[in-house]
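Participant: Supplied in structure tokens, the structure appears directly below.
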Amino acid sequence: MKTQYDSLIFDLDGTLWDTTEAIVVAWNNVLERNKINFKKIDSSDIKKVTGMQHDECVKTIFRALDKKKQSLIIKETMIEDNLIIKKNGGRLYSGVIEGLRLLNQHYKMYIVSNCQKGYIEIFLNLYKLNDIFLDFECWGNTKKSKSDNIDMVKNRNQLQNPLYIGDTNGDMTAANKANVKFYQLTYGFGDKIDEAISFPTFTDLVKNLIPN
């Protein structure tokens, strides 16, 4: 069976890895360092906003704080997140590394995420994946929406029929807006989407996408 897609564009958080625990440490470091009176951040706080643009994550969690403090937290957590994740890493989902290398034998591959600048590079460097992803884009580089960034990667790489792979309804909405097909991995941060083609594991996704 010949696949209908010429390329794959991946979301990162909830799709390839989970950095929740590192982000909890980073955000509490920022609060403590700046003596901001707020409850201690835990993993449930982070999971509720994962997938949003970084600034929207902060504004949502810290909506009770004034805008000046929110702006400070946005600025400092972008830096602190990267420092802690570079040191502690994240939790890769089962089958991701092997699956990515298998898929790369058949597809051109890319990443589009709502993360801050430098975050994707840390992922690629930690797991030595620079050789398989041809391009990537994120909110931190462009300050644009995920749909705009998907469109940007599609256009500058002249992709004819890419597939976007993510884990949330927001990912599907962004893909639809960019006129790109969408598959969901249901182990991530989003609820299962009835209207999406979905897979419970990365290995199941790979089996579907590698042509016979």
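The values are calculated or read from the model by the stated rules, or taken from the named source; none is laboratory data. Being a predicted model, the structure only gives us computed values, none of them experimental. Note that we place each Cβ from the backbone using ideal geometry, even for glycine, and neighbour counts take in every protein chain shown.
Participant: Name every residue in the stretch 150-167 that is assigned to a loop (DSSP other than H, G, I, E, B) and surrounded by fewer than 24 Cβ atoms within 10 Å (Cβ to Cβ), in order of residue number. Before you say what the answer is, go through the steps one by one.
Facilitator: First, pick out the residues of the stretch 150-167 that are assigned to a loop (DSSP other than H, G, I, E, B): 157-161, 167.
Those that are assigned to a loop (DSSP other than H, G, I, E, B) and surrounded by fewer than 24 Cβ atoms within 10 Å (Cβ to Cβ): 157, 158, 159, 160, 161.
Participant: Now a separate question. Just one of 94, 44 is out of contact with any strand residue (DSSP E or B) (no Cβ under 8 Å at 6 or more places or on another chain), within 22 Å of residue 191 (Cβ to Cβ), of a type in the set (Ser, Thr, Tyr) and touching a residue at least 24 places away in the same chain (Cβ under 8 Å); which is it?
Facilitator: 94
Participant: Only one of 191, 148, 135, 204 is within 21 Å of residue 57 (Cα to Cα), of a type in the set (Asp, Glu) and modelled with pLDDT of 95 or more; which?
Facilitator: Values: 191 fails: modelled with pLDDT of 95 or more; 135 fails: within 21 Å of residue 57 (Cα to Cα); 204 fails: within 21 Å of residue 57 (Cα to Cα).
Result: 148 is the single residue among 191, 148, 135, 204 that is within 21 Å of residue 57 (Cα to Cα), of a type in the set (Asp, Glu) and modelled with pLDDT of 95 or more.
Participant: I'd like to verify a number: residues in the stretch 175-210 that are under 20 Å from residue 6 (Cβ atoms), in a strand (DSSP E or B) and in contact (Cβ under 8 Å) with a residue 60 or more places away in the chain, how many?
Facilitator: 1
Participant: Going residue by residue through the stretch 181-193, is there one that turns out to be among the basic types (Lys, Arg) and under 17 Å from residue 14 (Cβ atoms)? Steps first, answer last, please.
Facilitator: We begin by selecting, within the stretch 181-193, every residue among the basic types (Lys, Arg); these are 181, 192.
Okay, now just the ones that are also under 17 Å from residue 14 (Cβ atoms), so 192.
For the stretch 181-193, residues among the basic types (Lys, Arg) and under 17 Å from residue 14 (Cβ atoms): present.
Participant: Can I ask one more? When you check residue 147 against the structure, is it of a type in the set (Gly, Ala, Ser), surrounded by fewer than 21 Cβ atoms within 10 Å (Cβ to Cβ) and out of contact with any Ser or Thr (no Cβ under 6 Å at 6 or more places or on another chain), yes or no?
Facilitator: yes
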